Amino acid sequence: MAIKFDFNRLRTAIKGFIKAENTAGSEVIHLPKLQAAAVVEKLALGAGGAKVLKDDDFGKVFLCEQSGGTDSAVTLPPATAGGTLTFIVSLTPSGTGDMVISAATADTIVFAGAADAGADGDSNLLADSFTIEAAAVGGERIECVADGTYWYVYAHMGAVGSITTTG
């Protein structure tokens, strides 16, 4: 009985290698990092709801649903190098409450957005938080990438003022 193995499939499944060093500083282990599809998770917060994200949430796509008349709060994990998060407004928020997404440390969000009243794009170099406003129309996408110190955030907005920053 022959075993057939497709090395091309293995190559496309491997994203890279994890290298470990022994106590003498020599590389000794090369473990493959497998590629995986992003985990999609619903982030439905009602009035006054709260969620603290952790390092385990890196790589996830959050479908955001806000309801009620009071703001809800989401706290980003520390800006660990290579950490990524994506937020998508899956429904037009119901009510007047906003979803405020804050960094664990003040002044660590570098924000740029696609639409503002001046048609030149919104930006804030050292923000504390960004907010999905009740004015969001659904479909807005917010991409967050960390470098170890800062969160670099870009918002693709469906309506002017649907994502804002503070700080």
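Compute the signed sum of charges (Lys and Arg +1, Asp and Glu -1) over the other residues within less than 9 Å, Cβ to Cβ, of Val89.
Working: positive: Arg141; negative: Glu65, Glu140.
Residues close to Val89 contribute a combined charge of -1.
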Computed over segment 58-167: relative contact order in percent, which uses C-alpha pairs under 8 Å that are six or more apart = 30 percent
Using r as the Cβ-Cβ distance of Ala106 and Asn22, and R0 as 41 Å, what FRET efficiency do you calculate, to the nearest 0.05?
-> 0.55
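Among the DSSP beta bridges whose two residues both lie in segment 40-166, what percent are antiparallel, rounded to the nearest 5? Working shown, then result.
Values: 22 of 45 bridges.
Of all bridge pairs located within segment 40-166, approximately 50 percent are antiparallel.
Could you put Phe130, Phe17 in order, starting from the residue whose Cβ has the fewest other Cβ atoms within 10 Å? It would help to have the intermediate numbers written out before the result.
Numbers: Phe130 29, Phe17 12.
Neighbour counts put them in this order, fewest first: Phe17, Phe130.
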Along the dipole axis of segment 40-166 (charges at Cβ: +1 for Lys and Arg, -1 for Asp and Glu; origin at the Cα centre), the most positive-end residue among Leu63, Gly82, Gly161 is Leu63
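Just so you know, all these numbers are worked out from the coordinates, no wet-lab data involved. As the structure is a prediction and not an experimental result, all values here were calculated from the model. Methodologically, a virtual Cβ is constructed for each residue, glycine included, from the backbone with ideal geometry; neighbour enumeration extends over all protein chains shown.
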